[in-house]
Amino acid sequence: MPDMSTTVTSALALGERTFLRPYRHEDADEFTAAARASRELHRPWLFPPEQPAAYSAYVGRLLAGADRAGFLVCARHDGRIAGFININNIVQGALRGGALGYGAFAHAAGRGLMGEGLRLVMGQAFGPLGLHRLEAAVQPANAASLALLRRAGFRREGFSPDYLFIDGAWRDHERWAITAEMVPDGG
Ligand SMILES: CC(C)(COP(=O)(O)OP(=O)(O)OC[C@H]1O[C@@H](n2cnc3c(N)ncnc32)[C@H](O)[C@@H]1OP(=O)(O)O)[C@@H](O)C(=O)NCCC(=O)NCCS
């Protein structure tokens, strides 16, 4: 059981049932154990790090530059990591946007925690991070991911054949996005 006094005080945003906090290198064991226990939920869409060395490299990349922001979605009732939402490929200039990557962990999935976490991440993106646009690319058969985006107010912008190399092949993706104007209260 995580130490709630340190986890909640490091929260970046607080919701009714979840809070966001940054990734830490010391989360390696909890994160990778949860990832290993979530294979059935994640495949074939997602391949998060399952071993501490891979986690360490992944967190190093997330913390290294201004082009990514990573958030752990944690459940308030026990402080455990319920899932994660990353904003990748952040571009400033005239675009001010980033691309989402996310996954729930099996023990916490299907209870609305990721939906709340995504709203908190939208608040961070359109608030302190100063972004204007979040996008997400989703394979057409990934119903749970499409439902999450739809519930959060994203709109389908199009379809890109052979868009991302996932699980050994170039996969078609639906392109979804939301802009700051679409969430007047900031998410
Ligand atoms: C996509 C994914 C992150 C969604 O996570 P999730 O845990 O299902 O999302 P939520 O926490 O918002 O839960 C949604 C479900 O909980 C239900 N739910 C239960 N209690 C709820 C509550 N209090 N509030 C809102 N929803 C609630 C919702 O009705 C919804 O069910 P439905 O879609 O069957 O109608 C998860 O399925 C996942 O990790 N998939 C594999 C990885 C992946 O595809 N990543 C994205 C690649 S593009």
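The values are calculated or read from the model by the stated rules, or taken from the named source; none is laboratory data. No experiment lies behind these values; they were computed from the predicted model shown. Backbone-built Cβ (ideal geometry, glycine too); neighbour counts: all protein chains shown. To get the accessible areas, we keep the full protein, side chains included, count just its heavy atoms, and leave off ligands, DNA and RNA. Shrake-Rupley method; radii C 1.70, N 1.55, O 1.52, S 1.80 Å.
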With a 1.4 Å probe and all protein chains kept in place, how much accessible area does Ile166 have, in Å² rounded to the nearest 10? 30
Largest first, what is the accessible-area ranking of Leu164, Leu146 with a 1.4 Å probe? Leu164, Leu146
Rounded to whole Hz, the Karplus (6.51, -1.76, 1.60) HN-Hα couplings of the stretch 45-62, x for glycine and proline: 8, 9, 9, x, x, 10, 10, x, 5, 5, 4, 4, 5, 5, 5, x, 5, 5
When the distances between all Cα atoms of the stretch 69-156 are binned every 5 Å from zero, what whole-number percent does each bin get? 3, 14, 26, 25, 18, 10, 4, 1, 0
Can you give me the long-range amide H partners of Arg76? Hydrogens built in the peptide plane at 1.01 Å from N, cutoff under 5 Å, separation of 5 or more residues or another chain. Thr18, Phe19
When ligands, DNA and RNA are left out and all protein chains stay put, how many square angstrom of accessible area per residue does the stretch 4-182 have with a 1.4 Å probe? 48
For a quick check of understanding: with a 1.4 angstrom probe and all protein chains in place, what accessible area in square angstrom does Asp162 have, to the nearest ten? 90
Amide H contacts under 5 Å for Gly112, placed H, 5+ residues apart: none
What is the set of long-range amide H partners of Ile166 at a cut-off below 5 Å, with H atoms built 1.01 Å from backbone N? Arg171
Base-10 log of normalised Debye intensity for the chain (one unit scatterer per alpha-carbon) at q = 0.08, 0.12, 0.17 Å⁻¹: -0.23, -0.55, -1.18
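Listed highest first by mean packing, meaning other Cβ atoms within 10 Å per residue, what order do 133-142, 118-127, 148-157 come in?
118-127, 133-142, 148-157
Expressed as a whole percentage, what fraction of the accessible surface of the chain belongs to carbon and sulfur atoms when a 1.4 Å probe is rolled over the protein heavy atoms?
On the chain, the fraction of accessible area on carbon and sulfur atoms equals 54 percent.
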